[in-house]
Amino acid sequence: MDLKEKKALLKKLENAYTSCSDCGSKYGVYSVGCSSVWEGKCEVCGETKRVTESRDYAYFITGIRKLKEEIKNEKKKSDSN
Ligand SMILES: [Zn+2]
């Protein structure tokens, strides 16, 4: 994934209202015991499947933090070149 893709993914995660369980467990932490799940479009991967609110995955806080860190590191790298 290059810097541009990371930035796009970061934006997606910050704005996504819905998430499937695949994206949720990849970028976030499941934080709710019983959440409502419905058939809809996952705003992270764009697929239509069973989704829930991104709130239930702590708004992808772990994924967002990791991406921001990686973006910062890549910027540092390109500055020193
Ligand atoms: Zn998804």
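The residue that is surrounded by the fewest Cβ atoms within 10 Å (Cβ to Cβ), counting only those in segment 43-81 that are within 13 Å of the ligand (Cβ to nearest atom) and either under 11 Å from the mean Cα position of the chain (by Cα) or in contact (Cβ under 8 Å) with a residue 40 or more places away in the chain (or both), is C45. Does D22 satisfy the criteria of being out of contact with any Leu (no Cβ under 9 Å at 6 or more places or on another chain), within 19 Å of K4 (Cα to Cα) and of a type in the set (D, E)? In short, no.
Residues are listed down the side, and each one gets a yes or a no for (1) touching a strand residue (DSSP E or B) at 6+ places or on another chain (Cβ under 8 Å); (2) modelled with pLDDT of 95 or more; (3) of a type in the set (A, V, I, L, M, F, W, C):
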{"residue": "D2", "(1), (2), (3)": "no, no, no"}
{"residue": "A8", "(1), (2), (3)": "no, yes, yes"}
{"residue": "K11", "(1), (2), (3)": "no, yes, no"}
{"residue": "K26", "(1), (2), (3)": "no, yes, no"}
{"residue": "Y30", "(1), (2), (3)": "no, no, no"}
{"residue": "S35", "(1), (2), (3)": "yes, no, no"}
{"residue": "G46", "(1), (2), (3)": "no, yes, no"}
{"residue": "R65", "(1), (2), (3)": "no, yes, no"}
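Scanning segment 23-81 for residues that are aliphatic (A, V, I, L, M), closer than 13 Å to L10 by Cβ and touching a helix residue (DSSP H, G or I) at 6+ places or on another chain (Cβ under 8 Å) returns V44, I64, L67, I71.
The values are calculated or read from the model by the stated rules, or taken from the named source; none is laboratory data. This one's a predicted model, so the numbers in the text were calculated from it and none came from an experiment. Counting neighbours? That spans all protein chains shown, and the Cβs are built from the backbone with ideal geometry, glycine included.
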